[in-house]
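Read the structure below first, then the notes.
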Amino acid sequence: VRLIVLGSGSRGNALAVSTGGHTVLIDAGFPLKVLRQRAAVVGLDLNRLAGVILTHEHGDHAEGAPGVARQARCPVYASPGTLRALSARLSRVSTVPLAAHSAVAVGPFTLTACHTSHDAAEPLALALEGPGGIRLGVAYDLGRPTSAVRFLLREATCLVVEANHDEILLRTGPYPASVRQRIAGSGGHLSNRAAADLLAELWHPGLTTVVLAHVSESCNRAELARGAVRMALQELGFAGMLVVAGQDAPLGPFDILAGAPASAPVTP
Ligand SMILES: [Zn+2]
Ligand SMILES: [Zn+2]
């Protein structure tokens, strides 16, 4: 199973997960043109997708989804609430509603989802299971990691988890109090410390790859996010790969293998 992060942050999120020549996109939160440019950089063919899976309708996750699904002639998978929120933009796109906790086949992957705590219509965290029992968990845009999220992400080989803000930089940063409260609240985003606590709880010997995502450009820095999580995971014996996804350039591909840290990123 191969993972490419096309970009992650408040200005856009998209991940590509491939196996055996089949690719799914998780979120498509960039304009179609940007998605195409980034896919070209990493040699990804966006015309051949098994599906576009959306966590929620916010623009930084769904912006390019209708266009990319139309061009690839593939379905969009999302919660009923997300599909309703996007219905005006999803004409001529086939859609598959995702119910929490039930499994759906998307190409060679089995997809399960659960609700998250975030200020969107019906946001989801996702788990994709591929051949060989490789499990990839994705959870970003969540104010707090509920027990449903922690259960969904158990036993993962690879986790893509939000480390949105440093708590001190958020308090002293440029945002007005109302925005700060929204970000730190239960419908907002996880701090570095909350991400470290969540990942420490989810750690098990089979976890080989951790990608920190949705890192704020004004209230965080990659080294702060990585440092907080590395400290928590190293104590537990984590020897896998820990990387921080960026907003403006793709990261990967990473080959995710059970029982072995992902191969080092191939810099395009
Ligand atoms: Zn977001
Ligand atoms: Zn959001």
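Read-outs throughout are calculated quantities, based only on the coordinates presented, and are distinct from any laboratory measurement. Since this is a predicted model, take the numbers as computed values, not measurements. Counting neighbours? That spans all protein chains shown, and the Cβs are built from the backbone with ideal geometry, glycine included.
Counting every other Cβ atom within 10 Å of each residue's Cβ, 82, 95 order from fewest to most as 95, 82.
Please name whichever of 52, 127, 9 sits farthest to the positive end of the charge dipole of the chain, dipole taken about the Cα centre and charges placed at Cβ: Lys and Arg +1, Asp and Glu -1. Ranked along the dipole, the leading option is 52. Local charge sum around residue 244 (other residues, Cβ-Cβ under 11 Å, Lys/Arg +1, Asp/Glu -1)? Surrounding charge for residue 244 is +2. The distance from the alpha carbon centre of region 138-156 to that of region 171-222 is 13 Å, rounded to a whole number. First check a/c for region 1-136, with a ≥ b ≥ c the square roots of the eigenvalues of its C-alpha gyration tensor; if it is under 1.5, answer rounded, and if not, answer prolate when a/b is larger than b/c or oblate otherwise. It is rounded, given that a/c, with a ≥ b ≥ c, falls under 1.5.
Packing, as the average of other Cβ atoms within 10 Å across residues, places the peptides 147-160, 202-215 in the order 202-215, 147-160, highest first.
Charge tally around residue 145: other residues with Cβ under 11 Å, Lys/Arg +1 each, Asp/Glu -1 each, net -1. Label positions at residue 96 and residue 181, each projected 7 Å from the Cα along the C-beta direction, are separated by 4.2 nm. If you sort the three axes of the alpha carbon gyration tensor as a ≥ b ≥ c, you get a/c under 1.5 for the chain, which makes it rounded. Peptides 101-109, 60-68 ordered by packing proxy, namely the average of other Cβ atoms within 10 Å per residue, highest first: 60-68, 101-109. Taking amide H as placed 1.01 Å from N in the peptide plane, residue 26 has its amide H under 5 Å from the amide H of 15, 16, 17, 53, each at least 5 places away in sequence or on another chain.
If only the Cβ of Lys and Arg carry +1 and only the Cβ of Asp and Glu carry -1, the dipole of region 150-268 around its Cα centre is close to 260 debye. Applying the Karplus relation 6.51 cos²θ - 1.76 cosθ + 1.60 with θ = phi - 60° to region 100-111 yields 3J(HN,Hα) values of 4, 6, 9, 8, 10, 7, 10, x, x, 9, 9, 9 Hz, where x marks Gly and Pro. Pairs of Cα atoms nearer than 8 Å and 6+ residues apart set the relative contact order; for region 112-268 it is 22 percent. All other residues with a Cβ under 15 Å from the Cβ of residue 25 taken together, and with Lys, Arg as +1 and Asp, Glu as -1, what is their net charge? Charge balance in the 15 Å sphere: +2.
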